[in-house]
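Below is one structure, written out as structure tokens, with a few remarks after it.
The values are calculated or read from the model by the stated rules, or taken from the named source; none is laboratory data. The shown structure was predicted, so the numbers you read here are calculated from the model rather than taken from an experiment. Cβ: placed from backbone, ideal geometry, glycine included. Neighbour counts: every protein chain shown.
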Amino acid sequence: MPTETRQPPIPYYWRLSSFYLFYFALLGTLVPYWSLYLQDRGFIAAQIGLLMAIPQITKLGAPNLWGWLADRTGKRLRIIRLGNFLAAIIFTGVFVADSFWSMVVVLTGFSFFWNAVLAQFEVITLDTLGDRSHRYSQIRLWGSVGFIAAVLSVGALLDVFSVALLPWILLASLWLIWLCTQFLPAGAARNIQRERQGGLLKVLRQPGVLAFFVCAFLMQLSHGPYYTFFTIHLVDMGLSRTVAGALWALGVIAEVGLFLIMHWLLVRFPWKAIVVASLLLAALRWLVIASVADSIPWLVLAQLLHAATFGSFHAAAMAWLHRTFVDGHAGQGQALYASFGFGAGWAVGAGISGMLWAKLGADSFFLAAGVAFIASVLAWLRLR
């Protein structure tokens, strides 16, 4: 097989990459630290779990609506810009939300429009790459860089300043992302509706398709205690927020390393083997955190496994979606992945971990390991 050396440059590389950079910088602020902000506002563990789950709950329906609309109209970039703009406007409500239910309303409205953004931008990126879709990870790695920069810098800032600074950082990030979408050339965003050869149900009936979405759901479900309570757990053990941020960043650094070689792995190893290995390593990661999370060296090992639990699984998923959801269904394919994985899986995981954390604490990660292992067995038996 020919090597990847001296390939022609990726079209619009820096314009596409800048979007991922700022989008995931926002997530590097929101995911590790938003629970600290909610805790500082006086919310209890069960409420924090539910509030952290809201952006994922809205992914159960919102991405599918936006994906259908984008596929039908071909106005994908316009939908991305509008969704980002309205999300930024609605997010300003967190400054006046003074109760649990008012925070629920603000986060629901924000995330409904926010969920119009990433899944449809993935389609633009993959359409731009065309037959070089295996090089997706070379663009997406800049999202990981943004996450690392944010998680380190924000963690250090919150050791010096009040967590009340957090929503201001998030709001600034939202406007930076919106600005990036203004510079994306219309040619890169073109998504002329293709002739549809059968409906979406025909695609979903293909062997292994539903099994993949179940695996994506279970993978994200297993991340529930991690995304919701990992930072709180580290701080409760006596680690500073700077150290907690460094551990989050280490995981994403491992992800970047994986993305640098993922295009090589995808052309040399079976897709199914990559997915199964990712799920097994996820089970190992949660076992390590549950068993020896008071040891920095073991925590470092667990965070390095993020290369598998997110990096290899997500890159393999992108390649599979691009190959499977064709003939005008690309937006809906991305939306289903966002809904079942990052939506339903993350929401259920956050909700369950919120209900169990007060009783189980770090032992919740044992349950997460069991979920990831079950997913690996399903992947081995049912994926094609």
Inter-residue pairs, beta-carbon under 7 Å, first farther than 18 Å from residue 310 by Cβ and of a type outside the set (A, V, I, L, M, F, W, C) and in the stretch 206-217, second modelled with pLDDT under 90 and not in a helix (DSSP H, G or I), 6+ apart: 207/384; 208/383; 208/384
Residue pairs meeting the criteria (Cβ under 7 Å; at least 6 apart or on separate chains; first under 13 Å from residue 37 (Cα atoms) and surrounded by 15 or more Cβ atoms within 10 Å (Cβ to Cβ), in the stretch 96-107; second modelled with pLDDT of 95 or more and polar (S, T, N, Q)): none
All positions within the stretch 80-93 that are surrounded by 21 or more Cβ atoms within 10 Å (Cβ to Cβ) and either of a type in the set (Val, Ile, Thr) or outside any helix (DSSP H, G or I) (or both): 80
Residue match in the stretch 111-127 (condition: more than 19 Å from the chain's Cα centre (by Cα), of a type outside the set (Phe, Trp, Tyr) and surrounded by fewer than 24 Cβ atoms within 10 Å (Cβ to Cβ)): yes
Residue among 216, 246 that is assigned to a helix (DSSP H, G or I) and within 16 Å of the chain's Cα centre (by Cα): 216
